[in-house]
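The values are calculated or read from the model by the stated rules, or taken from the named source; none is laboratory data. These numbers come from a predicted model, not from an experiment. Note that each Cβ is placed from the backbone with ideal geometry, even for glycine, and that neighbours are counted across all protein chains shown.
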Amino acid sequence: MAPFDALAELNACRQKLLEQRLMGVDANGVGFGNLSVRDGSMRSFYITGSATGGLPELTPTDCVRVMAYDFARNWLRYEGAAMPSSESLTHAAIYESDSSTSAVIHCHDSGLWATLLDRTPTTSKSVAYGTPEMAYEITRLFKGTDLRSRKILEMAGHEGGIAAFGKNLEDTFDVVMRERRESSPCI
Ligand SMILES: [Zn+2]
């Protein structure tokens, strides 16, 4: 895939997420965490490739551009050499639900996850990550909760899994850090 403008912003944000251990590699050596940025005012977006969580810095070949998707068919069309993150449809559901969102971060934090459970809009425990059901759950939360203003959701069926969104990656990272501070005032 050709280099794209948002790659520098993406790498800068990943750097902070890695430092905070909000993304990285788990005890089994599996990378976790993914982020995306909307492609201008389009429905398409750039997202980090599958299993890139442990890489210190990404090149264009580690990312894909999601061009089209269909929740019902669990289908997406993308451009790029990497495998799109398995949570691409989750990101798509957020962009589709909130036109003011231009960045999404999916990260893991078991402490914050335990604190936020059912205290922020939370997807049903029976819904697994990376499924069409997750995309529908996100849509449901936007309609039935204060998620639009809260800007952070919790995945009850995906331990440690949190997604935040905002008008850019920096703001979105700040949403996560603010929640973290509020959930552990002694640190
Ligand atoms: Zn995850």
Over the range 145-159, the set of residues touching a residue at least 40 places away in the same chain (Cβ under 8 Å), surrounded by fewer than 18 Cβ atoms within 10 Å (Cβ to Cβ) and either within 13 Å of the ligand (Cβ to nearest atom) or in a loop (DSSP other than H, G, I, E, B) (or both) is 159
Qualifying residues in the range 160-185 (those that are among the hydrophobic types (A, V, I, L, M, F, W, C) and farther than 17 Å from residue 137 by Cβ) - the one surrounded by the fewest Cβ atoms within 10 Å (Cβ to Cβ): 177
Only one of these is of a type in the set (Phe, Trp, Tyr), touching a residue at least 60 places away in the same chain (Cβ under 8 Å) and away from the ligand (no atom under 13 Å from the Cβ): 136, 95. Name it. 136
Which number in (1) modelled with pLDDT of 95 or more; (2) in a loop (DSSP other than H, G, I, E, B); (3) within 16 Å of the ligand (Cβ to nearest atom); (4) small (Gly, Ala, Ser) marks the one condition that residue 128 misses? (1)
Of 51, 8, the only residue that is out of contact with any strand residue (DSSP E or B) (no Cβ under 7 Å at 6 or more places or on another chain), of a type outside the set (D, E, K, R) and surrounded by fewer than 20 Cβ atoms within 10 Å (Cβ to Cβ) is 8
The range 83-125: number of residues that are among the acidic types (Asp, Glu), surrounded by fewer than 23 Cβ atoms within 10 Å (Cβ to Cβ) and not in a helix (DSSP H, G or I): 3
Since residue 57 meets every condition but one in (1) free of Cβ contacts under 8 Å to residues at least 24 places away in the same chain; (2) farther than 14 Å from residue 130 by Cβ, which condition does it not meet? (1)
If only one of 141, 153, 169, 112 is within 24 Å of residue 30 (Cα to Cα) and in contact with a Pro (Cβ under 6 Å, 6 or more places away or on another chain), which one is it? 153
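Out of all the residues in the range 11-44, which are at pLDDT below 90 and surrounded by 17 or more Cβ atoms within 10 Å (Cβ to Cβ)?
Answer for the range 11-44, where residues must be at pLDDT below 90 and surrounded by 17 or more Cβ atoms within 10 Å (Cβ to Cβ): just 31.
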For the structure I just gave you, tell me whether residue 40 is touching a Gly at 6+ places or on another chain (Cβ under 8 Å) and on the phi > 0 side of the Ramachandran plot. no
